[in-house]
Amino acid sequence: MTSDQVTLDIGDSFLIRNQYGEHLHIIVAESSPDNSAQIMLVYISSTDNTPYKDPTTIIEKKEHRFIKKRSWVRYQNIIICSRPEIKKSIFKYYGKIDDELLAKIQEGINSSNFVSIRNKQLFNQWKIDGLFRKIKKQKNKS
């Protein structure tokens, strides 16, 4: 699947390659479902990469097919960008993570001491906005 065919929704996971190597990124929030909307991503690092790991959310290798050893969510490096902007950087698309892992990662955003107050507020606002969109959509169907 090419990056042009990817819609990039909450829970989608993919590799991005940069000067620090290849890292698994996961979309945890969106400002709206629009194609040009802003999204919030976290990325995953293996536990032996640095002595400065955040213990808030540890991911075991069985939780995602890309993860080969115990890893952690780098909440201090949350990325906020547009969908079109991130599409240009995708090296390999892995699809949706399971709902349980997504919930675990999202809960860590409010628990981690490494997430800025601004990013916590933005995550919570986008989450509330998403719930309102869902309720409105359900009301319009009935």
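The values are calculated or read from the model by the stated rules, or taken from the named source; none is laboratory data. Because the structure is predicted, anything quoted here is derived from the model rather than measured. Don't worry about glycine lacking a Cβ; one is built from the backbone with ideal geometry, like all the others, and counts go over all protein chains shown.
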In the stretch 103-113, the residues that are surrounded by fewer than 17 Cβ atoms within 10 Å (Cβ to Cβ) and either within 15 Å of Ile27 (Cα to Cα) or not polar (S, T, N, Q) (or both): Ala103, Glu107
Cβ-Cβ under 9 Å pairs, at least 6 apart or on other chains, the stretch 49-64 side under 10 Å from Leu101 (Cβ atoms) and hydroxyl-bearing (Ser, Thr, Tyr), far side at pLDDT 85 or above and surrounded by fewer than 18 Cβ atoms within 10 Å (Cβ to Cβ): Thr57/Lys104; Thr57/Glu107; Thr57/Ser111
Residues (surrounded by fewer than 18 Cβ atoms within 10 Å (Cβ to Cβ) and farther than 20 Å from Thr7 by Cα) located in the stretch 67-89: Ile67, Lys68, Lys69, Arg70, Gln76, Asn77
Yes/no for Ile39 being closer than 30 Å to Phe132 by Cα, in contact with a helix residue (DSSP H, G or I) (Cβ under 8 Å, 6 or more places away or on another chain), outside any helix (DSSP H, G or I) and without any contact (Cβ under 8 Å) to a residue 60 or more places away in the chain: yes
Any hit, the stretch 90-102, residues being surrounded by fewer than 17 Cβ atoms within 10 Å (Cβ to Cβ), over 24 Å from Ala37 (Cβ atoms) and touching a strand residue (DSSP E or B) at 6+ places or on another chain (Cβ under 7 Å): no
Complete set of residues in the stretch 123-139 that are in contact with a helix residue (DSSP H, G or I) (Cβ under 9 Å, 6 or more places away or on another chain) and aromatic (Phe, Trp, Tyr): Phe123
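Report yes if Lys127 is surrounded by 13 or more Cβ atoms within 10 Å (Cβ to Cβ) and either within 16 Å of Leu24 (Cβ to Cβ) or touching a Leu at 6+ places or on another chain (Cβ under 7 Å) (or both), otherwise no.
no
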Total residues in the stretch 65-83, condition of a type outside the set (Lys, Arg), modelled with pLDDT under 85 and out of contact with any Phe, Trp or Tyr (no Cβ under 7 Å at 6 or more places or on another chain): 1
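Only one of Ile16, Ile10 is among the hydrophobic types (A, V, I, L, M, F, W, C), at pLDDT 90 or above, farther than 17 Å from Leu131 by Cβ and in contact with a helix residue (DSSP H, G or I) (Cβ under 9 Å, 6 or more places away or on another chain). Can you tell me which?
Ile16
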Filtered residue count, the stretch 84-124, keeping only those that are touching a Phe, Trp or Tyr at 6+ places or on another chain (Cβ under 6 Å) and among the hydrophobic types (A, V, I, L, M, F, W, C): 4
